[in-house]
Amino acid sequence: FEPVPVAGGHVFTTISASTVTHTCALDTNGAAWCWGTNEFGRLGDGTQTNRNAPVAVSGGLTFASLTSGGGHSCGLTPDGTAYCWGLNSRGQIGDGTETNRLVPVTVATALKFRMIVAGLAHTCALTMDGAPYCWGDNVAGALGDGTMESKNTPVMVQGGATFTTIAVGERHACGLTPEGIPLCWGYNGFGALGDGTFLTRTQPVALATPILLKAIAAGGYHSCGISVSNVTYCWGNNDGRQLGAP
């Protein structure tokens, strides 16, 4: 119930906690380390052995950024090449298969990315020019490609928008355009898309109330953003008071 030091004495520059039971981090050299439950190979060390201290992700890769999803993790190398590992039942690894991966494998695309974010069972990324791509679970439209068919390789989010940042929830995603306009897509049963409905959307939609944001985040079934005037807004599921509304 209180903070404890992570074992091993490592110095990390960034850390990513999954939505389930594992954590990954990058050390000062860009090497990836993970710890926690290792079912499906989500720690990337070539085994399915649970680890209560950080273990090095196999492959000797150097990453510039890292993200942890429900049962998988992904990283971007300094040149923007995407690698993922772990659970792949819905194609969330993006390697063209549904085979779980115990070590990092490259995402099956020639695209280079500057940002990658893992959700429960899908992954989204932004290219160097801000074009959004997603892959994995799409039963609720979380890939934004106009369908509800899961994809095991990256597909472009429809609508033609480019984003400065992207956030991924359990089964939805949101992005911010360069102007600060938030657009969201995917599962909307609790209103996580903020479009004034509970209709699932397979392509990006705007918020019902026009708000310009400078930051956005997506939780399980809710989303939050910070406006350009520094007001925090949240929308979606509020069963645990996660919206912070009175």
Checklist line | Full-stretch length increase - T162, E98 - with 0.36 nm per residue and alpha-carbon distance subtracted | finding: 20.2 nm
Notebook entry, point to check: Excluding P182 itself, what net charge comes from residues whose Cβ is under 11 Å from its Cβ, given Lys and Arg +1 and Asp and Glu -1?
Noted result: -1
Check: Can you list the HN-Hα couplings for segment 6-21, worked out from phi with the Karplus curve (6.51, -1.76, 1.60; θ = phi - 60°), rounded to whole Hz and with x for Gly and Pro?
Finding: 6, 5, x, x, 6, 10, 10, 9, 8, 9, 9, 9, 6, 7, 10, 9
Margin query: If you average the C-alpha positions of segment 231-246 and of segment 40-117 separately, how far apart do those two centres end up, in angstrom?
Written below: 32
Checklist line | Where labels lie 7 Å past Cα in the beta-carbon direction, separation of Q48 and V20 in nm | finding: 1.2
Next item on the list: Scan the chain and hand back the longest stretch that contains none of the trypsin sites (Lys or Arg not before Pro) lying in DSSP loops with at most 15 other Cβ atoms within 10 Å.
Entry: 113-240
Notebook entry, point to check: After finding the eigenvalues of the alpha carbon gyration tensor for the chain, what semi-axes result from the square roots of 5 times each, listed largest first in whole Å?
Noted result: 29, 20, 17
Checklist line | Cα-derived Rg to Rh of segment 165-246, Kirkwood definition | finding: 0.92
Next item on the list: Please report, as a whole percent, how much of the solvent-accessible surface of the chain comes from carbon and sulfur atoms (probe radius 1.4 Å).
Entry: 55
Notebook entry, point to check: For segment 204-246, what is the largest minus smallest coordinate of the Cα atoms on each principal axis, given in angstrom and ordered from greatest to least?
Noted result: 27, 24, 16
Checklist line | Semi-axis lengths (Å, descending) of the ellipsoid that matches the C-alpha gyration tensor of segment 12-102 | finding: 18, 16, 11
Check: With every protein chain left in place, what is the accessible area per residue of segment 150-246 in square angstrom, probe 1.4 Å?
Finding: 47
Notebook entry, point to check: Distance from the Cα centre of segment 135-178 to that of segment 184-206, in angstrom?
Noted result: 12
Note to self: I'd like the FRET efficiency for V231 and F1, computed as 1/(1 + (r/R0)^6) with the beta carbon distance as r and R0 of 35 Å, rounded to 0.05.
What the structure shows: 0.60
Next item on the list: Note down the relative contact order for the chain as a percent, whole number, built from C-alpha pairs under 8 angstrom at least six residues apart.
Entry: 11
Checklist line | For M115, distant residues with modelled amide H under 5 Å away | finding: L126
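The values are calculated or read from the model by the stated rules, or taken from the named source; none is laboratory data. Computed from a predicted structure; not experimentally measured. Note that each Cβ is placed from the backbone with ideal geometry, even for glycine, and that neighbours are counted across all protein chains shown. Heads up: the accessible areas ignore ligands, DNA and RNA and are worked out on the full protein's heavy atoms, side chains in. Shrake-Rupley method; radii C 1.70, N 1.55, O 1.52, S 1.80 Å.
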